[in-house]
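Here's the structure, in structure tokens; my notes come after.
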């Protein structure tokens, strides 16, 4: 399932994460597999409850009880990082694999200046040895993320800058140690559309300039269309469609992908088709395909048993009985 | 095409026979009581409290001795003495009987001021928080004036002005409590009023009184209620102080707090006896506190 | 200023509305002008889309129209009645005819009331017997696609889509003529948004509602509104038939918004888009903020930078 095997940066195989409740456990990430190559943007698309954020947090092992990673492997630089000792994982996190989040305001210390926090990251990861060097580096990072008047921003506190500016600062902090991989969890969802456009372009330009890869998590298909090379669509903890972005968007195969695209207004939409029913109850998942209760093409097969993982068609993989049966 | 809600995805709690409105609607008294019963500690506390109340009310039947009967011989007898389960006080009177008879006054002077304080202080806090502006300033500044006085002095001043007697002690204590309840209610009200559902209520065209009664109170009540339950114990002690000063009941009438005060001087040579009246005060305070916590939890539908 | 299309008197008329708020944070004593002189009209049965980003004043404008806030200047007329002249009691009597639906369904519903009471509360100003009220509540819930079993649930027991439907039912139960929909789909999952939008379209045809549809999402506004207005920093900068606005936008801010929609122009390169953005932003900054609106094309109004400083036509 790789796009270019020799350039694979991250390979997730059968990742499984569960939340242990009082009465039942919920599998929020159920056998997720994908690969991310060098200098590539993979968009993980899903609505709330699809497991996309949990997937990202699991990759970085940022989960704590009652959430636990219960299966699968995550290969990075020839090692399964799920099995790395905590110490090694800590050096990896932030330095080689960085993450940015939806609401930057929650991620900054409101009592320290932006400059201070950026300097701290630089010194912590050993990028610079002393404060003055860190200060210079910080300034150039702020300019790289196109923060105008970077000197002033260095001395400002998080509550003194706008959401868009803070998000840029968060990107600066994330790329400061020159990571190979950036995980971006809905980085623009809480921003105005004009700012969103700027931030998306910024991420793309940073990706190219620094030869990074980005795992971009979003619920917004049009955002994915703008930034992604590859796309994975998630539903109820599983990836249901996966492949080259242009292919998937032009010819969506899985009924959920099709339904999702048909339910979002675009400049050319005539009629929106809502998706019937409620999102799958992960505590009591349906016996067959998770999407079957809402699928307009659900077959007896789909309702009874889970479809086999992935049927390949050209550049796209689909997890669906419609294609499994056809393929046979 | 409108897709309706999917009833089969309903949480188990409300899977009722689809016919008419279910008998047990969450929020009706019966349902609330059902939820309260789940908290076994609180239910036990309620049972014990009820027992105490019954015993005290039925004093003529339950009291082993005459609470006023003095005797010169067996004074300051320790608990467990023959014929006197909890001992006797400095005048030889049976402590158990005095506790039972005194309980009526003690519980009354503990609970009544709190109820009055809750109603009056709660009303002030609601109005101040809901209307804001001038109304709020006027109410809260008046409340602050009361706050400025040390509680004890204020209570004494009021009780002295009104004259001796249990009723006036209750009034004095209520006045002392109103500012605290008002403040707690006001801050809860302000935070509730910042929510959109109150804005929606105001947009409905319904008059303010109905908004306050039907929408606001239920969201604001748990803060002052919890506060009030927890303060009954201290108020009983406070009332005791006033009684001790002669502002409330007159000796030799029994009352837990004043009994405690008058036995204080015997602490060194009759330690067990002199703390006896403190025990029901502590127990009552604890019981009310536990019940108060459970009431607060029961009123929150999200914890159902 | 805006002539009604078919000789039907507009239902809602706003003239020169201004609203200021005391500034928080760094500058005390100063005020922020949320709405800086807005005039618009809504004809009966139409849906006017109001597009803007944060700080544009669109939500404030919505609330001003319903008199949930007092304007610092300007007038609002509802069905011919000037709202300024009404006393508190008369204003309350008018409210059942104009309602609002909020963005976040969970915070807009009283968490300690069941659905039936939440919706039924809005019927209190209408004189009905208890039985009639119950009937009406159930009928309205059915109208928005909710079954009877929802009536006894608490908001936290509902899904996002269900909760938003309850919010809509509450707004509709008093048979209003005018609805302000303030970002009603923005807090919902993508697939649920479509449900609610479909519901809205269905309802407004059936009930002949006049709607002010506020949103930051151009695509959504385009889907539901026949006419749209774009707000920027407290002013309407462009207003007209939605199709015209999107196909041939005149104001640089409108053009910036359209260009910023992700996936708007798939062919464009990064640098080209950055350049376009920069040009539009420069053009926008050069616009005097208080330029009045002129009718550039029939029904299509836009700020005219050359007419700044003159009194509005």
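Just so you know, all these numbers are worked out from the coordinates, no wet-lab data involved. Quick caveat: nothing in here was measured; it's all calculated off a predicted structure. Quick reminder, even Gly has a Cβ in these numbers, built from the backbone with ideal geometry, and neighbours come from all protein chains shown.
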Open item on the list: For chain B, take the longest principal axis of its alpha carbons; what is the angle in degrees between that and the long axis of helix B:40-57, to the nearest 10 within 0 to 90?
Closed with: 50 degrees
- [ ] Using the number of other C-beta atoms within 10 angstrom as an exposure proxy, rank C:42, C:143, A:148 with the fewest first.
- [x] A:148, C:143, C:42
Open item on the list: Residue by residue through A:261-270, how many Cβ atoms from other chains fall within 10 Å of the Cβ on average?
Closed with: 6
Open item on the list: Rounded, prolate or oblate, given the Cα gyration tensor of chain B, with a/c below 1.5 counting as rounded?
Closed with: oblate
Open item on the list: Relative contact order for chain A: what percent, with Cα pairs under 8 Å and sequence separation of 6 or more?
Closed with: 20 percent
Task: Cβ neighbours within 10 Å from other chains - mean over B:191-198 - done: 5
- [ ] Output the relative contact order of chain B, whole-number percent, from Cα pairs under 8 angstrom with separation of 6+ residues.
- [x] 22 percent
Task: Crossing angle, helix B:278-298 versus chain B [Cα axis fit, 0-90 degrees, rounded to tens] - done: 10 degrees
Task: For segment C:56-174: rounded, prolate or oblate by the Cα gyration tensor [a/c cutoff 1.5] - done: oblate
Open item on the list: Test of understanding: in a Gaussian network model of chain A with alpha carbons linked when under 10 Å, which of A:271, A:248, A:67 would top the mean-square fluctuation ranking?
Closed with: A:271
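Take every DSSP beta bridge with both residues inside the protein assembly as shown and express the antiparallel ones as a percent of the total, to the nearest 5.
65 percent
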Task: Neighbour-count order for C:210, B:109, C:271, fewest beta carbons within 10 angstrom listed first - done: C:271, C:210, B:109
Task: For residues of C:192-201, the mean tally of beta carbons on other chains within 10 Å - done: 6
TODO: May I ask for the Kirkwood hydrodynamic radius of segment B:135-195, worked out over all distinct Cα pairs and given in angstroms to one decimal?
DONE: 12.6 Å
Task: For segment B:175-302: rounded, prolate or oblate by the Cα gyration tensor [a/c cutoff 1.5] - done: prolate
Task: Unit Cα scatterers, Debye sum, the protein assembly as shown: log10 I(q)/I(0) for q = 0.07 Å⁻¹ - done: -0.76
Open item on the list: Taking every DSSP beta bridge with both residues inside chain C, roughly what % is antiparallel (nearest 5)?
Closed with: 60 percent
Open item on the list: If you consider only alpha-carbon coordinates, what radius of gyration and Dmax does chain C have, in Å?
Closed with: 20.4, 66
Open item on the list: Helix B:133-148 against the longest principal axis of chain B: what's the angle in degrees, Cα atoms only, rounded to the nearest 10?
Closed with: 20 degrees
Task: Burial ordering of B:190, C:258, B:105, fewest other beta-carbon atoms within 10 Å first - done: B:190, C:258, B:105
